[in-house]
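The values are calculated or read from the model by the stated rules, or taken from the named source; none is laboratory data. The structure presented is a predicted model; accordingly, all values stated were derived computationally and were not measured. Here Cβ is always computed from backbone atoms with ideal geometry, including for glycine, and neighbour counts include all displayed protein chains. Note: areas computed on protein heavy atoms with side chains; ligands, DNA, RNA excluded. Shrake-Rupley method; radii C 1.70, N 1.55, O 1.52, S 1.80 Å.
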Amino acid sequence: MKNLFIIGSSICLLFLASCNDSDEKGTATVNVRLTDGPAMYDAVNIDIQRIEINSNGEWTALNFPKPGVYNLLNFKNGTDVVLGQAALPEGNVSQMRMVLGPNNTLVVNGVTHPLQTPSAQQSGLKFNWHQTLAANGAYNVWIDFDAGRSIVTTGNGAYILKPVIRTFSELTNGQIKGYVQPQAAKAVIHAIMASDTIATAIPNPDGFFMFSGLSQGSYTVSYDASNGTGYVDENSGPVSVTFGQITDLGTKTLHQ
């Protein structure tokens, strides 16, 4: 009888141990990067102090080694900056939160203006990022801070920051790139799906532009020359976008 009790106890202990092992969740590594949609300003300086990710209903702070002011206009046309990293349990991610400090400014024609951001300073800016994390996985996620659409001008000439933010990962990143010439056309590029303008790009001085974080589907890409330059607008399309691939449009030359 004593031997049977010992054997039975051992089986129970083994059963409990196996249950505990199965309940333990693995972890995934998440790398967070910052990128930007373009804007017609000299600088858009955002004071980022903390970033958190909501995983399985709980907020986890990003290991963010360099809090402080970031000029969003430094990160356009495929350029980005690494903000930090987090180790999260496997499972579902639903949201991210960015807490801003008080040193937010806008530079217009060489003049610096304060950007008012009261709600951001109090509780943080929440935006969606839906992803299922697998144990031992590594994920890159981009915070796309649309500088141009995030700034509102008041009636008295002041500026308010009302952030327009979206996120995308390598698994949900459709891209279009190309060049537009000549520089004298001062072209602005638009990615249009059906009749909706999904994204806008201001080319680099050499004419290079890139759209990132596009949904899969068919687009028209419009090259809109600035008024007064004498150049004619042109379109390319349909342009097919697939996740994980870069659609290269080559060089578009506008004519007068």
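Close amide H contacts of His113 (hydrogens built in the peptide plane, cut-off under 5 Å, sequence separation of 5 or more or a different chain): Leu106, Val107, Val108. Simple point charges give the picture: +1 on the Cβ of Lys and Arg, -1 on the Cβ of Asp and Glu, and for the chain a dipole about the Cα centre of about 320 debye. Overall form of region 144-210: oblate. Here a/c, set by the Cα gyration tensor axes a ≥ b ≥ c, is 1.5 or more, and a/b is not larger than b/c. Between helix 2-23 and the chain there is an angle of about 0 degrees, using the helix long axis and the longest principal axis of the Cα atoms. Would you mind telling me the share, in percent, of accessible area of the chain contributed by carbon and sulfur at probe 1.4 angstrom? Carbon and sulfur atoms account for 51 percent of the accessible area of the chain. Taking a straight line from the alpha carbon of Lys177, these aspartates and glutamates sit under 12 Å away, with near neighbours fewer than eight places off in the same chain left out: Asp248. For the chain, the solvent-accessible area with a 1.4 angstrom probe is 53 square angstrom per residue. Pairwise Cα separations in the chain fall into 5 Å bins from 0 onward with the following percentages, short to long: 1, 6, 11, 14, 14, 14, 12, 9, 5, 3, 2, 2, 2, 2, 1, 1, 1, 0, 0, 0, 0. Ranking Ala185, Gly137, Ala147 by how far each Cα lies toward the positive end of the dipole of region 118-227 (charges on Cβ) leaves Ala147 at the top.
With an a/c value of 1.5 or above and a/b not larger than b/c for the gyration tensor axes a ≥ b ≥ c computed over the alpha-carbon atoms, region 92-200 is described as oblate.
Taken along the Cα-to-beta-carbon direction at a fixed 7 Å, the label points for Ser215 and Asn235 span 2.0 nm. For region 75-88, backbone phi angles converted through the Karplus equation (6.51, -1.76, 1.60; θ = phi - 60°) give residue-by-residue couplings of 10, 10, 6, x, 7, 8, 9, 6, 8, x, 9, 9, 9, 10 Hz, Gly and Pro being listed as x.
Applying both filters, DSSP loop and at most 16 other Cβ atoms within 10 Å, to the chymotrypsin sites (Phe, Trp or Tyr not before Pro) of region 210-246 gives Phe243. Between Gln181 and Ala135, the modelled label-to-label distance comes to 5.5 nm, taking each label 7 Å out from Cα in the direction of the beta carbon.
Say a site is exposed when it is one of the GluC sites (Glu not before Pro), sits in a DSSP loop, and has at most 16 other Cβ atoms within 10 Å; what is then the longest site-free stretch of the chain? Between exposed loop sites, the widest span is 91-256.
Within the full protein context, the accessible area of His130 is estimated at about 140 Å² for a probe radius of 1.4 Å.
Remark: the Arg166-Glu58 segment gains 36.8 nm on full extension, using 0.36 nm per residue and subtracting the alpha carbon distance.
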